[in-house]
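Following: one structure in structure tokens, then a few remarks.
Nothing in this text is a laboratory measurement; each read-out follows from the coordinates by a stated rule. Please read these numbers as outputs of a predicted model, since none were measured by experiment. Every residue, glycine as well, gets a Cβ built from its backbone with ideal geometry; the counts of neighbours run over all protein chains shown.
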Amino acid sequence: MKSASAVNPQLFTMACCGARAVLKTSIYGVQFFAHYSDECATAPETQWHVAGKDMVMGELRVLGIQGVLEKTGGAGKHKWRADIYFELPGRRVAIEIQHSYLHYRDFLRRQERYKQDGVECYWLVRQESVYPALCKTIVRNRLKNEHGNKWPMLPIQVYPAIPDMFFAILLPDRDTQIVIPGLAVQTKTLLQAIMAGNLRYNGNYWSISGA
């Protein structure tokens with residue numbers, strides 16, 4: 001069956017989306033069909049990713065900004081590809097819409113690539129698959145580095161936020177689509193804050209001036 005699939009790529013397809021299927025064998029010897037590419041086009045993560053990009057691009061158009069999808073830049077090990085890219089006077093901006101798990105060090109590595117190339121990068125992440133692990137790591141690191149691995153006394157709180165990288169939950173199907181601790185706003189409001197320079201880290205968490 002594997003050889004037949006290699007000869008005719010469309011011999012086997014997935015019932016969920018009609019994409020090419022490949023025969024695989026699990027570590028227990030069980031054979032099964034899987035998507036040939038990384039994802040199913042009908043998977044919830046993919047639908048979320050597409051909806052997120054469409055929404056951000058639409059809001060940019062409303063604001064009179066020409067966004068570019070899948071923009072590439074940099075060179076060599078510093079090469080990057082932004083889900084959405086746009087330019088402002090004297091500024092270059094990338095919006096990453098992260099739908100699948102990414103290790104914390106990879107977030108920082110990719111953020112540094114943008115920084116090295118003079119690009120601001122803002123992350124919008126999926127609540128179910130990305131946000132919990134990212135928050136847990138950041139809070140753990142802040143407890144260690146800022147509080148000696150001890151929870152501080154109230155009213156001091158340890159927020160899942162760092163100064164070098166903004167990230168927020170993206171909820172495309174909600175009225176307030178952008179959520180960070182203490183703040184829930186529409187996508188347009190976030191983009192306006194980025195454009196105006198009103199999205200800032202105050203030493204503990206990110207906030208929008210006047211929001």
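One table, with the values for the structure above:
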| quantity | calculated |
| --- | --- |
| Residue exposure sequence - 190, 102, 154 - by fewest surrounding Cβ within 10 Å | 154, 102, 190 |
| FRET efficiency, residue 146 to residue 87 (Cβ-Cβ, R0 35 Å, nearest 0.05) | 0.50 |
| Bridge type composition, the stretch 44-208 - antiparallel percent by DSSP, nearest 5 | 65 percent |
| Likely footprinting exposure, 106, 117, 83, fewest C-beta neighbours within 10 Å first | 106, 117, 83 |
| Extended-chain gain in nm, criterion 0.36 nm per residue less alpha-carbon gap, residue 116 and residue 128 | 1.3 nm |
| log₁₀ of I(q)/I(0) at q = 0.14, 0.20 Å⁻¹ - the stretch 44-208, Debye sum with one point per alpha carbon | -0.73, -1.47 |
| Residues 135, 121 arranged by fewest to most Cβ contacts within 10 Å | 135, 121 |
| Point-charge dipole on Cβ atoms (K/R +1, D/E -1) for the stretch 44-208, about Cα centre, debye to 20 | 560 debye |
| Cross-link table 53/115; 53/144; 71/188, entries beyond 29 Å C-alpha to C-alpha | 53/144 |
